[in-house]
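Here is the structure we will look at, set down as structure tokens.
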Amino acid sequence: MKFVILVGMMGSGKSTVGRLLAEDLGVPFWDTDNLLAHKLGRPVNQLFHLYGEQAFRQHETNLLKSLERTEGVLATGGGIVIKPDNWVELRRLGTTVFLDVDPEIVKSRLANSKRKRPLLQVENWEDRFQDILDARRDLYLQADVHVMITSDEFSDVVKKIKDSVFTA
């Protein structure tokens, strides 16, 4: 097995599902946002404010290039799909899985954590969220596997991923 790489919108559950999937498979779990925060010594929202989105995206690319192809589950930041170079690295590392969550479920999750999300720190964050989703949806659909999620039952999501990735 190589990496199972989770992509999708902020709030889609990549980190939570990734931890559960890794535990279920008995493999390590990594999160690109956590790896970057550790490497650069600041939380992601501070990195965005200090360096701007473009510089943050370059740090994501550099991080992907530094990763070894190994067993594990990797949760990515929601915007990692924006740069074509990142897709080259994601494919080199493993199988990409798009967690396609009903937007209303994601909005309800983000309602309590939007202040931690640099791109949602605007007055009408729900419209901003929809604009970001509309701009990225086709990019997420480039993933090797597409998992539709209609509830907050994370154990069901883990099962769907395992069925899609490991029974092909």
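The values are calculated or read from the model by the stated rules, or taken from the named source; none is laboratory data. The shown structure was predicted, so the numbers you read here are calculated from the model rather than taken from an experiment. Cβ coordinates were reconstructed from backbone atoms using ideal geometry, including for glycine residues, and neighbour counts include every protein chain displayed. All accessible areas refer to the heavy atoms of the entire protein, side chains included, with ligands and DNA or RNA removed. Shrake-Rupley method; radii C 1.70, N 1.55, O 1.52, S 1.80 Å.
Given a 1.4 Å probe and the protein chains as shown, H59 ends up with an accessible area of around 60 Å². Extension gain for A55 to R92 (0.36 nm times residue separation, less C-alpha to C-alpha distance): 11.1 nm. Secondary-structure-derived ellipticity at 222 nm for the chain, considering helices only, amounts to -16500 deg cm²/dmol, per-run term -39500 (n - 2.57) for DSSP H runs with n ≥ 4. Computed on protein heavy atoms with a 1.4 Å probe, the accessible areas place W87, W30 in the order W30, W87, largest first. The residue list G8, V101, I80 was ranked by how far each Cα lies along the charge dipole of the chain toward its positive end, using unit charges on Cβ atoms, and I80 comes out on top.
Once the Cα-Cα distance is subtracted from the 0.36 nm per residue extended length, the D138 to I105 segment shows a gain of 9.9 nm.
Once Rg/Rh (Cα atoms, Kirkwood Rh) is calculated for the structure shown, the corresponding label among (i) 1.03; (ii) 0.93; (iii) 0.99 turns out to be (ii).
For G72, the amide hydrogen comes within under 5 Å of the amide hydrogens of F3, V4, counting only partners 5 or more places away or on other chains and with H modelled in the peptide plane.
The candidates D131, D100, D33, arranged from most to least accessible area with a 1.4 Å probe in the full protein assembly, appear as D131, D33, D100.
Subtracting the Cα-Cα distance of T16 and D131 from their residue separation scaled by 0.36 nm leaves 39.0 nm. When the pairs K65/K162; K2/K39; K39/K160 are compared against a 28 Å limit on Cα-Cα distance, K39/K160 fall above it. Entry note, the chain: relative contact order of 33 percent, from Cα contacts under 8 Å with a spacing of 6+ residues.
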